[in-house]
Every structure is written in structure tokens, then in C-alpha cells.
Amino acid sequence: MTTERIGFIGLGAMGGAMAGHLVRSGYAVTGFDVSAERGEAAGRAGVTRAGSAAEAAQGADVVMSSLPHPAAVRATYLGPDGVLSRARAGAVLVDLSTIDPDTWKDVAGAAAAQGLQCLDAPVSGGPAEAATGALVFLVGGDGPVLERCRPILATLGTEIHHVGPLGSAQVVKIVNNVMSMGNVAVAAEAMVLGVKAGVDPQRLFDILSTSGGRSHHFLKRFPNVLAGDFAPRFSIALSRKDLGLAARMAESLGVPMLTTSVVRQVYEVAAAAGLDGQDMAAVTALFERWAGVEVRGKPPASR
């Protein structure tokens, strides 16, 4: 077993998969989630369960968190039973969530006053990559702090990009997700157009998969669309959250985001249509309804 003790807060699809992989890799991990069900699942994977974020952080050398939105991060670290109430001096706090840079800078400022160091380390990849150590990490913070945590991050990921100072990784992650949501929305609209015009959905996907319009998310998500499988690998709700982060960051900087504004409305309409809990590729269902066709073909060979 490795010597670094890890506290892990947020044991959902991503956090639970990462915590489980760390346990399998020899780390001692104490975890907490507000959901008892998720906590129990992590316990079955070998994570020692804690009763609060503070308890998970107590005695940990590195505290990691994977949480759904900025308010959850603030509550987890700054709340009355939060991480900072019991984290020991010298520990490193690593947030893996996708949030606004200012939220983590506020946490880091409070942490520094207690002798704690921080990294923002949002990830690229989904639950499958989290469970197998194949994530990509974007890291903001001081180089020596990253080097201390590098063995842990290298256990969870295949690539580690040191973006720059604290908060800079969150900027890159928000920009990345704007592109991802835009790619999926345009691909959904285009696929429906092609099917409405009479092209077989599977044939259309096979051709576009080797053509200039393809993208990472087209190749990753549209086999599931063809199978009618919209289980949430990354939900409409999380897509809306990230697009909202981008819109607020752009407003604060005075940057027009015309295309992103339209993409954001596509996801808002999807939520209003009852698709909030489904995968981001479920925006395809909107265009299917409007066009009166379905984009369906062979089920994916593997997921």
C-alpha cells in the first residue's frame, strides 16, 4: 500500500470510479458522499466510509473532491463540517470538479491561511476512463505542489497538463466543454437532417466517422444514439451547468459568445422537454421530434 492517505469527497459516477481505482492501486482512501447509496457502493469497492467531508479529510495527506457545482464545492470545503474544519496543516487539496475559477481561488485563500496547499485539476474523460486510470488532467497551481501529487494523478490518468497558476485549469476545462457541447448539438442536428433526407442512419454514421466533420464526441456518443441509449454518461443537466459557467465567465470578461448562446439554449430546451437526466447526446431526441424521424442503427459493439 502506498504511503499517501487520501480523503475523497463526492463518490458519484466519476468520483466513485476514481476512488475505487485508487484503492485497487494500493492507496488508502477514506470517502464521503451526501448520498448513502453512493457511499455504500464506494464501500463495496474498498473505500473506507466517512460520515462527513470533515471526517474524510481528517488525517489525509491529500484531499480530493469531485462535485457537481460551485455551491457544493464551497459547502464541502468552507461549511461548518467541511474539509477546512479538520484538514491538517501540510495537506494538499485537489478539486477535480468543473467549476468557476473564482470559487476555487476563494477556497484556496482560506486554505492557505491554515497551511494547506491547493490544485485545481478538472478532468477530461468519463466514468469508464475514471475506472481504468485513463483520464486526462488539466492542472492549475504551483509546480512543486503538482509534483507532490503527480503519482496520484498518474495513477488516475494517462496525461497531466500543467496549465499554469491556480484557476487556469478551470478556464481550459470550461472552454473544452463549450466545444464538446457544441460538437454534440451540431452533430445531432446534422444527423437528423441526413436521415430526414433519406440516408440510412447507420450508413450516415459510418461515412461521417471517417469524414472531416467528425469529432471526438461524435465517435464516442453517436453509437449510443444509434442504439437509442441515452443513459447519462455526462448528463444534459451537467452540460447546462458548464455552459452557464462559460456564459458567466464570458460576461465578466466582456466577450460575446453568440454561437455558445444558441448551443446553451438547445440544452435548455432539452431540459424543458424532460431530458435533463439523460446523456448530453439526448439533444438528438429534440431534433428527431421536430423532424419526425429517428436516428437508429446497429447497437454499439462495446461501450
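Just give me the residues in the range 242-276 being among the small types (Gly, Ala, Ser) and assigned to a helix (DSSP H, G or I), in sequence order. It would help to see each step written out before you state the result.
Let us first name the residues in the range 242-276 that are among the small types (Gly, Ala, Ser), namely 244, 246-247, 250, 252, 254, 261, 270-274.
Correct list: Gly244, Ala246, Ala247, Ala250, Ser252, Ser261, Ala270, Ala271, Ala272, Ala273, Gly274.
Considering only residues that are outside any helix (DSSP H, G or I) and in contact with a Pro (Cβ under 9 Å, 6 or more places away or on another chain), look in the range 1-48 and name the one that is least open to solvent (accessible area, probe 1.4 Å).
So the first thing to find is which residues in the range 1-48 are outside any helix (DSSP H, G or I), and the list is 1-12, 25-35, 45-48.
Checking the rest, the ones that are also in contact with a Pro (Cβ under 9 Å, 6 or more places away or on another chain) come to 2, 4, 10, 12.
Details: Thr2: 57, Glu4: 43, Gly10: 4, Gly12: 27 Å².
If we take residues in the range 1-48 being outside any helix (DSSP H, G or I) and in contact with a Pro (Cβ under 9 Å, 6 or more places away or on another chain), then Gly10 is least open to solvent (accessible area, probe 1.4 Å).
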Quiz item: Out of (1) open to solvent by 60 Å² or more (accessible area, probe 1.4 Å); (2) within 15 Å of Ala282 (Cα to Cα), the odd one out for Met181 is which?
Solution: (1)
Quiz item: Taking the range 190-202, which residues are surrounded by fewer than 19 Cβ atoms within 10 Å (Cβ to Cβ) and in contact (Cβ under 8 Å) with a residue 60 or more places away in the chain?
Solution: Leu193, Lys196, Asp200, Gln202
Quiz item: Pairs, please: C-beta under 8 Å, at least 6 apart or cross-chain, first residue closer than 19 Å to Gly26 by Cβ and in the range 39-52, second open to solvent by 50 Å² or more (accessible area, probe 1.4 Å) and among the hydrophobic types (A, V, I, L, M, F, W, C)?
Solution: none
Practice problem: Could you list all residues from the range 209-232 that are in contact with a Lys or Arg (Cβ under 9 Å, 6 or more places away or on another chain) and open to solvent by 60 Å² or more (accessible area, probe 1.4 Å)? | Solution: Lys220
Quiz item: Within the range 277-292, is even one residue more than 24 Å from Ser66 (Cα to Cα) and assigned to a loop (DSSP other than H, G, I, E, B)?
Solution: yes
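In the range 163-178, what count of residues is obtained for those that are out of contact with any Leu (no Cβ under 6 Å at 6 or more places or on another chain), open to solvent by 20 Å² or more (accessible area, probe 1.4 Å) and under 21 Å from Gly109 (Cα atoms)? Lay out the reasoning, then the answer.
As a first pass, look at the range 163-178 and keep what is out of contact with any Leu (no Cβ under 6 Å at 6 or more places or on another chain): 164-168, 170-171, 175-178.
Then drop every residue that is not open to solvent by 20 Å² or more (accessible area, probe 1.4 Å), which leaves 165-166, 168, 171, 175-176, 178.
Okay, now just the ones that are also under 21 Å from Gly109 (Cα atoms), so 165-166, 168, 171.
Going through the range 163-178 one residue at a time, the tally reaches 4.
Filter the range 106-149 down to the residues that are charged (D, E, K, R) and under 19 Å from the mean Cα position of the chain (by Cα), then identify the one that is surrounded by the fewest Cβ atoms within 10 Å (Cβ to Cβ).
Looking only at the range 106-149, we keep the residues that are charged (D, E, K, R), and these are 106, 120, 129, 142, 147-148.
From what's left, under 19 Å from the mean Cα position of the chain (by Cα): 120, 129.
Values: Asp120: 30, Glu129: 20.
So, considering only residues that are charged (D, E, K, R) and under 19 Å from the mean Cα position of the chain (by Cα), the one surrounded by the fewest Cβ atoms within 10 Å (Cβ to Cβ) is Glu129.
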Exercise. Would you be able to say whether some residue in the range 234-241 is in a loop (DSSP other than H, G, I, E, B), modelled with pLDDT under 95 and out of contact with any His (no Cβ under 8 Å at 6 or more places or on another chain)?
Key: yes
Quiz item: Does any residue of the range 52-73 turn out to be modelled with pLDDT under 95, more than 22 Å from Asn177 (Cα to Cα) and open to solvent by 10 Å² or more (accessible area, probe 1.4 Å)?
Solution: yes
Quiz item: So which residues in the range 80-105 are in a loop (DSSP other than H, G, I, E, B) and either among the charged types (D, E, K, R) or open to solvent by 20 Å² or more (accessible area, probe 1.4 Å) (or both), if there are any at all?
Solution: Pro80, Asp81, Arg86, Arg88, Ala89, Gly90, Asp100
Exercise. May I ask you to list pairs of residues, at least six apart or on different chains, whose Cβ atoms are under 6 Å apart, with the first in the range 268-296 being touching a residue at least 40 places away in the same chain (Cβ under 8 Å) and surrounded by fewer than 16 Cβ atoms within 10 Å (Cβ to Cβ) and the second being polar (S, T, N, Q) and part of a helix (DSSP H, G or I)?
Key: none
Quiz item: Among the residues of the range 256-274, is any closer than 21 Å to Asp242 by Cα and of a type in the set (Lys, Arg)?
Solution: yes
Quiz prompt | Residues (open to solvent by less than 30 Å² (accessible area, probe 1.4 Å) and of a type in the set (S, T, N, Q)) located in the range 233-259 | solution = Ser235, Ser239
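The values are calculated or read from the model by the stated rules, or taken from the named source; none is laboratory data. This structure is a prediction, so every number in the text was calculated from the model and none was measured. Ideal geometry is used to build each Cβ from the backbone, glycine not excepted, and the neighbour counts take in all protein chains shown. Areas reflect the complete protein model, heavy atoms only, side chains present, ligands, DNA and RNA absent. Shrake-Rupley method; radii C 1.70, N 1.55, O 1.52, S 1.80 Å.
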